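Visitor: Would you mind keeping the following structure in view while I ask a few things?
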Amino acid sequence: MDNFEDPKTSMNRPVFVISALLIVCFSIYGSAFNEHASASFLSVQKFLVGNFGWFYMGVVALFFLFILYMAFSRYGSIRLGPDDSEPDYSYFTWIAMLFSAGIGVGLMFFGVAEPITHFAKPPVGEGGTVEAAEKAMLITYFHWGMQAWGTYILVGLALAYFAFRRGLPLTVSSALYPLIGEKIYGGIGNTVNVLAVLGTMFGIATSLGLGVMQVNAGLNYLFGLEVSGLNQVLLIGMITLIATMSVVAGLNSGIKRLSQVNAVLAVFLLLFILFAGPTALLLNSFVQNLGNYLSNMVSLSFHMYAYESTEWMGGWTLFYWAWWISWSPFVGMFIARVSRGRTIREFVVSVLLMPVGFTFIWLSVFGNSALFLELNGAGAGISDAVVNDMPTALFVLLEQFPWTSFIAVLSIILIVIFFVTSSDSGSLVIDIITSGGNERAPVWRRVFWALSQGVVASVLLLAGGLSALQTASISSAFPFAFVMLFICFGLLKGVKHDRDEPYERAQKNS
């Protein structure tokens, strides 16, 4: 599988063709053999969760420890670019782009649904109690906390370092250059990049599927639109067209502007729920949730519920860990692309703390608002809504606040824009990978990948809904997790050479 780049289109043909063929074959299989695909997805998920749950938990913990070492070791001052380079974006724009690309759709979907699910049906113990509420927020914080962003940071840091400081192509295979050298341009490198494309495609499709399920639930709540697979596919088609227009506009005109709008809308929605709800209780709970998370982070990182059923782990923790891994080529490359000029320490600390901090505030405000209503017996019915139809959770919560219809419409708009920025960013990343790192490839290819994401998300929804979305993430993450282990070795070897080479030169000259 030798590398061949078309000089007219800057296309890495093996990576593009093989990735596209595999995605097309998957789409045909999922749509033409719907029931068989659904059963197959369920079998794959059970096999991976039952036999390799320990592996997912172990590697995510390892990735997190590794990026902490990179930030606070002597390599932290290395700049992602020439020593005199400056960041391309302001802090606000940078953080807004990170947030919109990395976590937006998921937070809208799970911000209410996850805490209430763990509250009503905890992995162990009795549901519906104060203790269950505290444990629910702890688990939710853990799933959306620093380990999640640790996986993104690992890939993003490696790509930014080798692309901007070492002058290699902005592709995942470049991170393996210290280990395999020029073979990154041949069969091994192409294989790694194909795995990155597939992981990105299925990770984004999972998010798009969740997002459109929630949009459908919101439109049902507001206008009575039936919740059905057909309507969800039609919604995916409409939103994908919007994403395609953003793709055509490009990074600075499309993603940048949408990310800034999204950040403003998200902050407005957050502040509205905070001040319209029990403000003091929400702020108190945030402090308590944060302390609880920091106190239990280590034990949770290795808690497999080995003496209980693994079904809960497969539906929650292992799904999240696999989702973060499958998203890591996408989010990692995107944050690398917008982080030129930052130091390693600045990159790790900022990307680790800023989005995570906002995420924790979001989860506390939305999750605890729902939990307080349930604990106080306000009759909100949020637990019943989550158990029966998870995508409706946010809108059932909003019924308890003033301006319900306006805020619900705003929420739908927010979900749609998150959908668009995720699809837009993912198309850009996949196009860069299949172009051998070229960022000025023809627009038609980014359009192709944007449309492909919509097709894959539709197939997964029709072939099993949420279960199929979870399986896609868990399955696509498994092979790429091994690639990420090699990325750790490659990055460590690269920065050691970066730091040791000037010292060796000085020794020779002395």
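Visitor: Among what's in the range 22-75 and is within 17 Å of residue 475 (Cβ to Cβ) and β-branched (Val, Ile, Thr), pick the residue that is surrounded by the most Cβ atoms within 10 Å (Cβ to Cβ).
Guide: Taking the candidates together, the pick is 60.
Visitor: Checking the conditions here, which among 296, 231 is in contact with a helix residue (DSSP H, G or I) (Cβ under 9 Å, 6 or more places away or on another chain), under 21 Å from residue 210 (Cβ atoms), in a helix (DSSP H, G or I) and at pLDDT 80 or above?
Guide: Values: 296 fails: under 21 Å from residue 210 (Cβ atoms).
Selected residue: 231, the only one of 296, 231 that is in contact with a helix residue (DSSP H, G or I) (Cβ under 9 Å, 6 or more places away or on another chain), under 21 Å from residue 210 (Cβ atoms), in a helix (DSSP H, G or I) and at pLDDT 80 or above.
Visitor: Step by step: first the residues of the range 170-191, then only those that are small (Gly, Ala, Ser), touching a residue at least 40 places away in the same chain (Cβ under 8 Å) and buried (at least 21 other Cβ atoms within 10 Å of the Cβ), then the one that is farthest from residue 493 (Cα to Cα). Which residue is that? Spell out how you get there, then give the answer.
Guide: Residues of the range 170-191 that are small (Gly, Ala, Ser), as a first pass: 173-175, 181, 186-187, 189.
Still in the list and also touching a residue at least 40 places away in the same chain (Cβ under 8 Å): 174-175, 186-187, 189.
If we keep only those that are buried (at least 21 other Cβ atoms within 10 Å of the Cβ) as well, we get 174-175, 189.
Details: 174: 13, 175: 10, 189: 18 Å.
Restricting to residues being small (Gly, Ala, Ser), touching a residue at least 40 places away in the same chain (Cβ under 8 Å) and buried (at least 21 other Cβ atoms within 10 Å of the Cβ), the top hit is 189.
Visitor: Would you check if there is a residue in the range 29-42 being within 23 Å of the chain's Cα centre (by Cα), at pLDDT 80 or above and among the aliphatic types (A, V, I, L, M)?
Guide: There is no residue in the range 29-42 that is within 23 Å of the chain's Cα centre (by Cα), at pLDDT 80 or above and among the aliphatic types (A, V, I, L, M).
Visitor: I've got another one for you. Please go through the range 377-399 and give me each residue that is surrounded by fewer than 17 Cβ atoms within 10 Å (Cβ to Cβ) and under 21 Å from residue 275 (Cβ atoms), ordered by number.
Guide: First pass over the range 377-399, keeping only residues surrounded by fewer than 17 Cβ atoms within 10 Å (Cβ to Cβ): 377-379, 381, 384, 387-389, 399.
Hits for the range 377-399 are 378, 399.
Visitor: What's the number of the only condition in (1) touching a residue at least 24 places away in the same chain (Cβ under 8 Å); (2) more than 21 Å from residue 325 (Cα to Cα); (3) aliphatic (A, V, I, L, M) that residue 225 fails to meet?
Guide: Residue 225 satisfies every listed condition except (1).
Visitor: Given the criteria in contact with a Ser or Thr (Cβ under 6 Å, 6 or more places away or on another chain), surrounded by 16 or more Cβ atoms within 10 Å (Cβ to Cβ), assigned to a helix (DSSP H, G or I) and touching a residue at least 40 places away in the same chain (Cβ under 8 Å), does residue 246 qualify?
Guide: In short, no.
Visitor: So which of 19, 31 is outside any strand (DSSP E or B), of a type in the set (Gly, Ala, Ser) and under 30 Å from residue 312 (Cα atoms)?
Guide: Working: 19 fails: under 30 Å from residue 312 (Cα atoms).
Unique residue meeting the criteria: 31.
Visitor: Restricting attention to the range 367-376, does a residue exist that is surrounded by 19 or more Cβ atoms within 10 Å (Cβ to Cβ), aromatic (Phe, Trp, Tyr) and closer than 27 Å to residue 115 by Cα? Give the derivation first.
Guide: Let us first name the residues in the range 367-376 that are surrounded by 19 or more Cβ atoms within 10 Å (Cβ to Cβ), namely 367-371, 373-374.
Then drop every residue that is not aromatic (Phe, Trp, Tyr), which leaves none.
So far as the range 367-376 goes, no, none of its residues is surrounded by 19 or more Cβ atoms within 10 Å (Cβ to Cβ), aromatic (Phe, Trp, Tyr) and closer than 27 Å to residue 115 by Cα.
Every residue, every condition in (1) more than 10 Å from the chain's Cα centre (by Cα); (2) more than 17 Å from residue 426 (Cα to Cα), yes or no:
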{"position": "326", "(1), (2)": "no, no"}
{"position": "329", "(1), (2)": "no, no"}
{"position": "334", "(1), (2)": "yes, no"}
{"position": "353", "(1), (2)": "yes, yes"}
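Visitor: With respect to residue 450, is the statement that it is part of a helix (DSSP H, G or I), modelled with pLDDT under 85 and closer than 27 Å to residue 42 by Cα true? Break it down into steps so the answer makes sense when it comes.
Guide: On the way: part of a helix (DSSP H, G or I): yes; modelled with pLDDT under 85: no; closer than 27 Å to residue 42 by Cα: yes.
When the stated conditions are applied, residue 450 does not pass them.
Visitor: Hey, another quick one. What number goes with the only condition from (1) closer than 27 Å to residue 70 by Cα; (2) modelled with pLDDT under 90; (3) of a type outside the set (Ser, Thr, Tyr) that residue 325 does not pass?
Guide: Result: residue 325 fails condition (2) only.
Visitor: Still on this model: Under the condition of being over 24 Å from residue 368 (Cβ atoms) and among the aliphatic types (A, V, I, L, M), which residue from the range 299-319 is surrounded by the fewest Cβ atoms within 10 Å (Cβ to Cβ)?
Guide: Applying the first criterion (over 24 Å from residue 368 (Cβ atoms)) to the range 299-319 yields 302, 304-311, 313-314, 318.
Filter once more, so that each one left must be among the aliphatic types (A, V, I, L, M): 304, 306, 313, 318.
On the way: 304: 15, 306: 9, 313: 22, 318: 27.
The qualifying residue surrounded by the fewest Cβ atoms within 10 Å (Cβ to Cβ) is 306.
Visitor: Now, a different point. Pick from 300, 283, 269, 318: which is under 24 Å from the mean Cα position of the chain (by Cα) and closer than 23 Å to residue 131 by Cα?
Guide: Checking each option against the conditions leaves just 300.
Visitor: Could I ask something else about it? Can you give me the number of residues within the range 116-161 that are buried (at least 22 other Cβ atoms within 10 Å of the Cβ), closer than 15 Å to residue 313 by Cα and over 24 Å from the mean Cα position of the chain (by Cα)?
Guide: Adding up the residues that qualify gives 0.
Visitor: What number goes with the only condition from (1) modelled with pLDDT under 95; (2) closer than 20 Å to residue 331 by Cα that residue 167 does not pass?
Guide: So the condition that residue 167 fails would be (2).
Visitor: Something else now. Could you please give the count of residues in the range 433-443 that are touching a Ser or Thr at 6+ places or on another chain (Cβ under 9 Å), assigned to a helix (DSSP H, G or I) and either hydroxyl-bearing (Ser, Thr, Tyr) or surrounded by fewer than 24 Cβ atoms within 10 Å (Cβ to Cβ) (or both)?
Guide: Keep residues of the range 433-443 that are touching a Ser or Thr at 6+ places or on another chain (Cβ under 9 Å), which gives 433-438, 440-442.
Now drop any that are not assigned to a helix (DSSP H, G or I), which leaves 433-434.
The next check asks that each one be either hydroxyl-bearing (Ser, Thr, Tyr) or surrounded by fewer than 24 Cβ atoms within 10 Å (Cβ to Cβ) (or both); those that pass are 434.
Number satisfying all stated conditions: 1.
The values are calculated or read from the model by the stated rules, or taken from the named source; none is laboratory data. Everything quoted here is computed from the prediction, not taken from an experiment. Neighbour counts are summed over all protein chains in view; Cβ atoms, including those assigned to glycine, are modelled from backbone coordinates with ideal geometry.
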